[in-house]
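First comes the structure, then the notes that go with it.
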Amino acid sequence: MPGATLAVLADGQIHEFASGVLHRGTGVEATTDALFQIGSITKTYTASLVMGLGLDIDQRVVDVLPEFKVADPAATGEITIRQLLTHSSGIDGDVIRDTGRGDDCVRGFVEACAGVRQNHPPGATMSYCNSGFTILGRIVEVVTGKVWDTALRERLLDPLGLTSTVTLPEDVLRFRAAMGHVGDPGTQPRPATVWGLPRSCGPAGLICATAADLVRFARMHLDGGLAADGSRVLAADAVSAMRNREIEVPDPWSTGRWRGLGWGLFDWPGGSTFGHDGNTVGQSAFLRVVPEANVAIALLTNGGGTNGLYRTIFGELLAEVAGVTIPDIQPSGQSKVDAAAYVGRYERESVTVDVTVRDGVLRLREEEITGLEDLNSVVELDLVPVGDGVFAGRRHESEPWTGVVFYRLADGSPYVHLHARATPKVS
């Protein structure tokens, strides 16, 4: 991999490390003051903003945003703020709509959601939803009267002293900044053809920060909503509520066994842990927080074997400084499964998953076509049994195993859960 930065909060002190380069084309060295894209870890900031508004999160979205609409009229009138925060709204989540660079881009994205379909009925299961967090960003704008970027700065970043955390590319240019790198597993990653995602994705994934600033944000959640100077940024009950177990995740190896209000919640041996991951164009970020040990660890990377590095670094550090063990998904060794129960096509917006049998082995092919060339991908996995309806697969022997779960909703509808997304079977 090209480069990485790491920050560890332990014993009240922040320790910083850096290695590699920020851009293989320029050779600029990675340093601890460099900004990386933290991707979907941004969602925990947006969730914090929402929880600081004093809203009833069980009210319907249309009660706050009368213009909100998705393709399903029944879902439009039913989806709540809580369901957006817990990725259980059912809105197809991997929708990229470039609505321009203006301050009205988040509003424009919400308007563009009028044609977005449902992955599942509201509240029926958990399916990772980027779209829902951009909608939450619009709620922040309407309630505060400020664009999301400004509300974030005034309500979180400035009070916490996060001077190396920004959202807009023109602000990133004031710092050393990482470039994303892309490529197939086992190959040398190359610089991506674009730097980042459209501004309309802001509340879901556009924050850029140093690793140290990321753990400073996490420290506010460890300290019950207080900044380092003792001033209150977020109410203690709001901080606590964000870590309540709201909904169980069918695939617990991706984002945690449960979703809280913005956080992923992990049931790892050694202590309760919460956190989030982020992926953008060739950049990946990882954050884990252990409240009982007062520990937070952030790893920011710009391409290559990021998941493998995360497992190695966090596995060692969490065991050493927090007494926490990261469990691995373990193939069972079972050789025969009822393949007919899983074979078929599964679809959602921009993604097709085909499950077939080849030489007696269950095989999964996932094709994703988005609005950005560097995000398009084809993933093929031979599935190894783990348990009833649960399988593991990986693209390359250097990668950790990925969990794949086949299951049914309460109404009997068949789904596959992969990469934290629920995809319905269509044929």
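The table below lists the values:
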read-out	value
Residue match in the stretch 47-57 (condition: buried (at least 23 other Cβ atoms within 10 Å of the Cβ), among the small types (Gly, Ala, Ser) and either modelled with pLDDT of 95 or more or within 26 Å of Ala422 (Cβ to Cβ) (or both))	yes
Residue, modelled with the lowest pLDDT, within the stretch 1-28, restricted to residues that are open to solvent by 50 Å² or more (accessible area, probe 1.4 Å) and hydrophobic (A, V, I, L, M, F, W, C)	Met1
Selected residue (criterion: nearest to Gly360 (Cα to Cα)) from residues of the stretch 372-387 that are charged (D, E, K, R) and either open to solvent by 40 Å² or more (accessible area, probe 1.4 Å) or at pLDDT 70 or above (or both)	Asp382
Helices (runs of 4 or more DSSP H) wholly inside the stretch 225-336 that include at least 3 residues being free of Cβ contacts under 8 Å to residues at least 40 places away in the same chain, open to solvent by less than 50 Å² (accessible area, probe 1.4 Å) and under 30 Å from Gly186 (Cβ atoms)	306-322
Residues satisfying the stated conditions in the stretch 156-177, i.e. open to solvent by less than 10 Å² (accessible area, probe 1.4 Å) and over 19 Å from the mean Cα position of the chain (by Cα)	Leu156, Leu157, Leu162, Val172
Positions within the stretch 398-410 being in contact (Cβ under 8 Å) with a residue 12 or more places away in the chain and either over 24 Å from the mean Cα position of the chain (by Cα) or under 17 Å from His120 (Cβ atoms) (or both), in sequence order	Val405, Phe406, Tyr407, Leu409, Ala410
Output for the stretch 82-105, where each listed residue is hydroxyl-bearing (Ser, Thr, Tyr) and closer than 24 Å to Gly54 by Cα	Thr86, Ser88, Ser89
Hits in the stretch 112-132 - residues which are under 17 Å from Ser350 (Cβ atoms) and not in a loop (DSSP other than H, G, I, E, B)	Ala112, Cys113, Gly115, Gln118, Asn130, Ser131, Gly132
The stretch 16-63: number of residues that are assigned to a helix (DSSP H, G or I) and more than 19 Å from Ala218 (Cβ to Cβ)	3
Selection within the stretch 64-111 - assigned to a helix (DSSP H, G or I), among the β-branched types (Val, Ile, Thr) and farther than 19 Å from Val140 by Cβ	Thr76
Among (1) touching a residue at least 60 places away in the same chain (Cβ under 8 Å); (2) open to solvent by less than 30 Å² (accessible area, probe 1.4 Å) - the single one Ile96 does not satisfy	(2)
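So that you can scan it fast, the table gives a plain yes or no per residue for (1) assigned to a strand (DSSP E or B); (2) more than 17 Å from Gly93 (Cβ to Cβ); (3) touching a Ser or Thr at 6+ places or on another chain (Cβ under 7 Å):
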{"residue": "Pro400", "(1), (2), (3)": "no, yes, no"}
{"residue": "Gly403", "(1), (2), (3)": "yes, yes, yes"}
{"residue": "Tyr407", "(1), (2), (3)": "yes, yes, no"}
{"residue": "Gly412", "(1), (2), (3)": "no, yes, no"}
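The values are calculated or read from the model by the stated rules, or taken from the named source; none is laboratory data. Treat the numbers as computed from the prediction; the structure is a model and nothing was measured. Every residue, glycine among them, receives a Cβ derived from its backbone with ideal geometry; neighbour counts consider all protein chains shown. Remember, those area values only see protein heavy atoms, side chains included, never the ligands or the DNA or RNA. Shrake-Rupley method; radii C 1.70, N 1.55, O 1.52, S 1.80 Å.
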